[in-house]
Amino acid sequence: MTEGHPMAPSYGFLSTHPPTQCGLATFNSALVAYLTVDAEPGCVVRVVARHDDHTPGPGVVHTWSARSVAGWRAAASALNGFDVAIIQHEYGIYPGPDGQDILPLVRRLTVPSIVILHTVLASPTARQRSLLEQIVAVASAVVTMTATARDRLLVGYAVDPTKVNVIPHGAVNRAGTPVVPHLRPHLLTWGLLGPGKGIEWALRAVARLQDLDPAPTYTVAGRTHPRVLELHGDAYRAGLYSLGAELGIATAVRYDPIYRDENSLGALIRSADVVVLPYDSREQVTSGVLIEAVAAGVPVVATRFPHAVEVLTDGPGLLVPHKDPAALAAAVRRILTEVDLAASLAARTRALAPTVHWATVAERYESLARRLLMARSPAAVPAAV
């Protein structure tokens, strides 16, 4: 246990991490902040790709570069210096095909490990299925952030169900963030930008709403995803600009290509009348943006990706088919024009929001970590490979 905190486990975290800008890095940074005590030293083993800034930030105790051969060995050694290792898993962030170098790392750990699964594919390749099954087999516990992901894992993969835990994605408690008044209805989508976000469908929906008085504005907030930028430049964003001009809504759409801190992001979210999630994906079992919007009490209109179906069905938002701007526009129109609908949707968050605040989510991770430590015996410590 951490010196000076005999009852609190020490945690080593393996993930992408700021200054890397991606959803996993943001998630890991928040979990670190809420799960560790102020006096704890560096505890993050940061995974970096070739294009990342390799400068270690605060709290980073070791950097695992994709350029290092067998870098998993040193990364595992760093994690073994803590009581519990908490590992973010997403295909492709670790070296090797489908990020397969994570597997020997988990096998080399001599401390309990919690692997958080950000993606559970319904139709994985044979290698992806085998890799995930082996990770679950050697991990002490795994976490999915939705019941949908848990069920998909148990049905589609050969895994031990007793290892699978559901802990929701965390969200910042924005109860104290003031709502900024505005003259026109404000629609918002935020997050790293790239193909698959479905912004083109939202633009077509906004064009269908220009008959409202006043007509809504639409903010698309976020930088282009660094990997999209590296491979394709800003072609997607440029295509959105052209589409907006073609639809005659260029002045109604604001692009905000910055990476915001928590205070700035909170003010932006609370300024929205509707959060629009027009994603193309039919696989997405975890969406931090969805949970942040729900926790902030803002009505959501989303395509029927799995996490949205689980959270929004009979809940704080409306679901629409994929790639259907008419349905998207109709749902937004309902929220903006039907008396009391927005208030009714927002009221449904009151019971849900406290369960996804980061402080509550961190408590559940700590409870799981303590159970693993209590169950651990010398015989359970794996041999190093």
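Computed quantities for the displayed model
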{"read-out": "One residue from Leu188, Leu183 being out of contact with any Gly (no Cβ under 9 Å at 6 or more places or on another chain), assigned to a strand (DSSP E or B) and not basic (Lys, Arg)", "value": "Leu188"}
{"read-out": "Any helices (runs of 4 or more DSSP H) falling wholly within the stretch 269-385 and containing at least 2 residues that are within 19 Å of Gly198 (Cα to Cα)", "value": "288-295, 306-312, 325-337"}
{"read-out": "Residue within the stretch 214-225 that is buried (at least 19 other Cβ atoms within 10 Å of the Cβ) and under 30 Å from Val136 (Cβ atoms) present", "value": "yes"}
{"read-out": "Candidate set: the stretch 177-199, residues that are crowded, with 16+ Cβ neighbours inside 10 Å and of a type in the set (Gly, Ala, Ser); chosen: the one farthest from Cys22 (Cα to Cα)", "value": "Gly198"}
{"read-out": "Exclusive hit being free of Cβ contacts under 8 Å to residues at least 24 places away in the same chain and under 17 Å from Leu209 (Cα atoms), set Ala327, Ala302, Ala375", "value": "Ala327"}
{"read-out": "Residue match in the stretch 201-222 (condition: under 30 Å from Ile114 (Cβ atoms) and either in the same structural domain as Arg50 (by TED's automatic domain parsing) or not in a helix (DSSP H, G or I) (or both))", "value": "yes"}
{"read-out": "Flag if Tyr255 is touching a residue at least 24 places away in the same chain (Cβ under 8 Å), farther than 26 Å from Pro214 by Cα and hydroxyl-bearing (Ser, Thr, Tyr)", "value": "no"}
{"read-out": "Selection within the stretch 310-320 - of a type outside the set (D, E, K, R) and under 16 Å from the mean Cα position of the chain (by Cα)", "value": "Val311"}
{"read-out": "Filter pass, Thr177 being more than 22 Å from Ala308 (Cα to Cα), assigned to a loop (DSSP other than H, G, I, E, B), polar (S, T, N, Q) and outside the structural domain of Thr337 (by TED's automatic domain parsing)", "value": "yes"}
{"read-out": "Filter pass, Ala267 being surrounded by fewer than 19 Cβ atoms within 10 Å (Cβ to Cβ) and within 21 Å of Ala30 (Cβ to Cβ)", "value": "yes"}
{"read-out": "Answer residue from the stretch 277-318, given it is more than 18 Å from Ala171 (Cα to Cα) and touching a Phe, Trp or Tyr at 6+ places or on another chain (Cβ under 7 Å) and is surrounded by the fewest Cβ atoms within 10 Å (Cβ to Cβ) among those", "value": "Arg282"}
{"read-out": "Ser242 being under 17 Å from Pro325 (Cβ atoms) and free of Cβ contacts under 8 Å to residues at least 12 places away in the same chain", "value": "yes"}
{"read-out": "Residues of the stretch 270-311 satisfying the condition of being over 15 Å from Ala347 (Cα atoms) and among the small types (Gly, Ala, Ser)", "value": "Ser271, Ala272, Ser281, Ser287, Gly288, Ala302, Ala308"}
{"read-out": "Arg174 being crowded, with 21+ Cβ neighbours inside 10 Å, within 28 Å of Thr224 (Cβ to Cβ) and not small (Gly, Ala, Ser)", "value": "yes"}
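Per-residue answers, yes or no, for (1) of a type outside the set (Asp, Glu); (2) more than 17 Å from Val142 (Cα to Cα):
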site: Ala75; (1), (2): yes, yes
site: Asn80; (1), (2): yes, yes
site: Asp83; (1), (2): no, no
site: Gly92; (1), (2): yes, yes
site: Ile102; (1), (2): yes, no
site: Leu109; (1), (2): yes, no
site: Thr125; (1), (2): yes, yes
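The values are calculated or read from the model by the stated rules, or taken from the named source; none is laboratory data. Values in this document were obtained by computation on a predicted structure and should not be read as measured data. Every residue, glycine as well, gets a Cβ built from its backbone with ideal geometry; the counts of neighbours run over all protein chains shown.
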